[in-house]
Amino acid sequence: MKGHANGLAWVYPERRLAFVPIPKCASTSMKRLLDQHGFESRNLRDLDDPHDWMIWTVIRDPLARFVSGWSEFLARASMSFSAQKLHREIEIGRLTVDEHTQRQSWFVDGLPLDAVIRFECLAEDMAVLGRCLGFDFSDLPVRNSGNGQLKQAILACLTEADRASILHYYAADVILHANRKPFDPYGGAL
């Protein structure tokens with residue numbers, strides 16, 4: 001089965017529920033929330049038949065995730081920000097530097113997703129999803145907001161050509177974000 005590189009998911013086996021995390025898409029907040037409700041970390045490959053599970057993920061606007069991912073990469077590598085270096089990396093197409101900048105679609109490729117929740121609507125969508133699944137997901141832990149100044153510096157230096165290159169590189173993510181499967185509390189199945 002394709003999907004997350006290491007097959008990571010948070011599952012609730014008794015109800016056959018699985019959340020597939022994507023780095024820089026509220027995965028830390030989701031882990032905290034799901035831990036509070038008895039979900040456990042498992043490998044997706046251990047699911048007997050993923051088509052029999054309700055599987056969801058959270059996605060994020062590709063440009064915002066790129067900025068957040070690069071700020072995370074620079075902070076973890078203890079590297080200083082250089083607009084010139086970033087422009088060069090974009091120019092040569094080196095946009096994926098680690099899992100934080102890997103295409104979102106790569107993490108869920110081949111998985112039968114039942115719901116795709118947008119990062120930008122996280123609290124609202126998770127509250128609805130929780131009600132439909134019988135959980136109180138309204139108390140979503142606070143999102144990480146580190147590296148705010150660095151994120152602003154990265155965003156400010158991006159030219160229109162940079163933005164176009166980024167969106168072209170993450171084209172599958174742009175489509176995934178635009179065509180997400182919203183959770184329909186009245187229609188039952190997604």
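Taking each residue as 0.36 nm, the span from residue 43 to residue 131 lengthens on full extension beyond its C-alpha to C-alpha distance by 29.1 nm. Using +1 at the Cβ of each Lys and Arg and -1 at the Cβ of each Asp and Glu in the range 1-150, identify which of 75, 119, 63 lies farthest towards the dipole's positive end. The one lying farthest along the dipole's positive direction is 75.
For a test of the definition: using alpha carbon positions, the gyration tensor, and the 1.5 limit on a/c, classify the range 98-164 as rounded, prolate or oblate. Judged from the Cα gyration tensor, the range 98-164 comes out oblate (a/c at least 1.5, b/c at or above a/b). With respect to the chain, whose longest principal axis is taken over its alpha-carbon atoms, helix 27-36 is tilted by about 20°. Working note: Karplus 6.51/-1.76/1.60 with θ = phi - 60° gives the range 53-69 the couplings 10, 8, 10, 9, 8, 10, 10, 9, 3, x, 5, 4, 5, 4, 4, 5, x Hz, where Gly and Pro are set to x. Amide H contacts for residue 59 (H built 1.01 Å from N in the peptide plane; partners 5 or more residues away or on another chain; cut-off under 5 Å): 117, 118, 119. Site pair residue 120 and residue 73 shows an inter-label distance of 2.3 nm when each label is modelled 7 Å from Cα along Cα→Cβ.
Considering every alpha-carbon pair of the chain, the percent of pairs per 10 Å bin, from zero through the bin containing the longest distance, is 9, 36, 34, 17, 5, 0.
FYI, it's all coordinate maths here, none of it is from the lab. What you see is a predicted model; the values in this text were computed from it and never measured. Counting neighbours? That spans all protein chains shown, and the Cβs are built from the backbone with ideal geometry, glycine included.
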